[in-house]
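Colleague: Dropping a structure here in structure tokens format, bear with me for questions.
Every number in this text was worked out from the coordinates using simple rules, so none of it is lab data. Please read all numbers here as calculations on a predicted model, not as lab measurements. For neighbour counting, all protein chains shown are included, and Cβ atoms are generated from backbone atoms with ideal geometry for every residue, glycine included.
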């Protein structure tokens, strides 16, 4: 009798699962598309791409809109190349530093002066690589000069006198990652782009991810310059351009398809398609929480966990989740606890109304988690009820 009851319950849940899947398909096809369409209609973006997946890879993808606001522009797809802006920090620079840590070439507590002797005798001697990774160096951002940009940047940082000690407070600054990008070069005698291509993108198969895209401008999503003119194939960030287009804070171009591979690798504890790109220990170290500002700010090594920049976290991602945003209109958020990630790439048109754009990121993540975690919970219940 007990077996019969369990079988009836199992069949009932199976029927509900089918209904949930049907509803989920409708929700995926309609709700996320509607959010992107509304953002396009309001002039927030001219289009966007959303990819949702888990450790096995892509679960769902949608593309709405075009490269340019006019109707003649090419349609967006998961193969459209986007300027990822500050996603460069977590898709290129922080992983490169962690790879060097894994290889034993550096230590997170290395003083800045080990790699930048130019800072000897300045107030920056106590800064560590960990401080740079977590934006707790105390360094303020500076504008990069057109001539001899790196040397002059280091000079400006060396003479800063803002009274902030390293490790005390979180203060987001691109200069931290500009220095980390240069550190990769000094530690390896290879530029950041070449190092990432060899040790990260190549093993994962991220063939479309690159700095300084050389061709196919008609398939590269444009970004807006200071005059609001959309331009393709040139990094939007002025400091990155002055540094030659390869910089630790910005300059990476990628596709939703490639970022899908990267996120799946993270959820697979550093492995992708049988290739161990990072050790599980390094992935854990990179995404473990560090608490700052009296516990109000939580960061990983490069990754954002809970801060004023955490809009892609939405309402339902867990406390274990992490991600990052990019000024150009990009974001990624990954949740190991729920085995889920959401990638958003857009052609951003509106930069003044930050609140609306953050709401777009939040709404897409909230919907994605609510749809996909529901089906997983039902599937787990059914799995638990299977009779030996």
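Colleague: In a GNM of the chain with a 10 Å cut-off on Cα contacts, which of 214, 64, 236 has the highest mean-square fluctuation?
Modeller: Top of the fluctuation ranking is 214.
Colleague: Here's another thing I want to ask about it. What per residue convex hull volume, in Å³, comes out for region 87-179 when only alpha-carbon positions are used?
Modeller: It comes to 100 Å³ per residue, whole-number rounded.
Colleague: By counting other Cβ atoms within 10 Å of each Cβ, how are 140, 148, 258, 304 ranked from fewest to most?
Modeller: The most exposed by this proxy come first: 148, 140, 258, 304.
Colleague: Something else: Given a Förster distance of 22 Å, report the FRET efficiency between residue 190 and residue 212 from their Cβ-Cβ distance, rounded to the nearest 0.05. Intermediate results must be reported in sequence, preceding the final value.
Modeller: Working: r = 15 Å, r/R0 = 0.69.
Efficiency computed from Cβ-Cβ geometry: 0.90.
Colleague: Could you check the simple spin-label distance between residue 152 and residue 355, using points 7 Å along Cα→Cβ, in nm with one decimal?
Modeller: In this crude spin-label approximation the distance works out to 3.8 nm.
Colleague: Would you work out the Kirkwood radius for region 134-214? I mean one over the mean of 1/r across all pairs of different Cα atoms, in Å.
Modeller: It is 14.6 Å.
Colleague: Using a Gaussian network model of the chain with C-alpha springs under 10 Å, which one of 217, 44, 130 is most mobile by mean-square fluctuation?
Modeller: 217
Colleague: Estimate the FRET efficiency between residue 293 and residue 75 by the formula 1/(1 + (r/R0)^6), using the beta-carbon distance for r and 45 Å for R0, to the nearest 0.05.
Modeller: For residue 293 and residue 75, the calculated efficiency is 0.55.
Colleague: Does region 215-296 classify as rounded, prolate or oblate by the C-alpha gyration tensor (a ≥ b ≥ c root eigenvalues; a/c under 1.5 gives rounded; else a/b over b/c gives prolate, otherwise oblate)? Let's see the in-between values first.
Modeller: Details: a/c = 2.74, a/b = 1.50, b/c = 1.82.
In terms of gyration-tensor shape, oblate.
Colleague: Taking neighbour Cβ counts within 10 Å as the exposure measure, how do 198, 102 sort from fewest upward?
Modeller: Lowest count first: 198, 102.
Colleague: Of all the Cα-Cα pairs you can form in region 256-326, what percent are over 13 Å apart?
Modeller: 68 percent
Colleague: Sticking with this one: If you rank 157, 369 by fewest surrounding Cβ atoms within 10 Å, what's the result?
Modeller: Listing 157, 369 from fewest to most nearby Cβ atoms yields 369, 157.
Colleague: In addition: Post the alpha-carbon centroid distance, region 326-368 to region 135-196, in whole angstrom.
Modeller: 27 Å
Colleague: Now a separate question. To the nearest whole percent, what portion of all C-alpha pairs in region 126-173 is separated by more than 14 angstrom?
Modeller: Value for region 126-173: 51 percent of Cα pairs lie more than 14 Å apart.
Colleague: Report the FRET efficiency, 1/(1 + (r/R0)^6), for residue 284 and residue 226, where r is their Cβ-Cβ distance and R0 is 41 Å, rounded to 0.05.
Modeller: Approximately 0.50, to the nearest 0.05.
Colleague: While we're here: What's log10 of I(q)/I(0) for region 2-384 at q = 0.11 Å⁻¹, Debye sum over Cα points only, no solvent?
Modeller: Here the Debye-derived log intensity ratios amount to -0.77.
Colleague: Once you've got the GNM for the chain with C-alpha springs shorter than 10 Å, pick whichever of 288, 330, 190 has the biggest mean-square fluctuation.
Modeller: Maximum fluctuation in the GNM of the chain, among the listed residues, is at 190.
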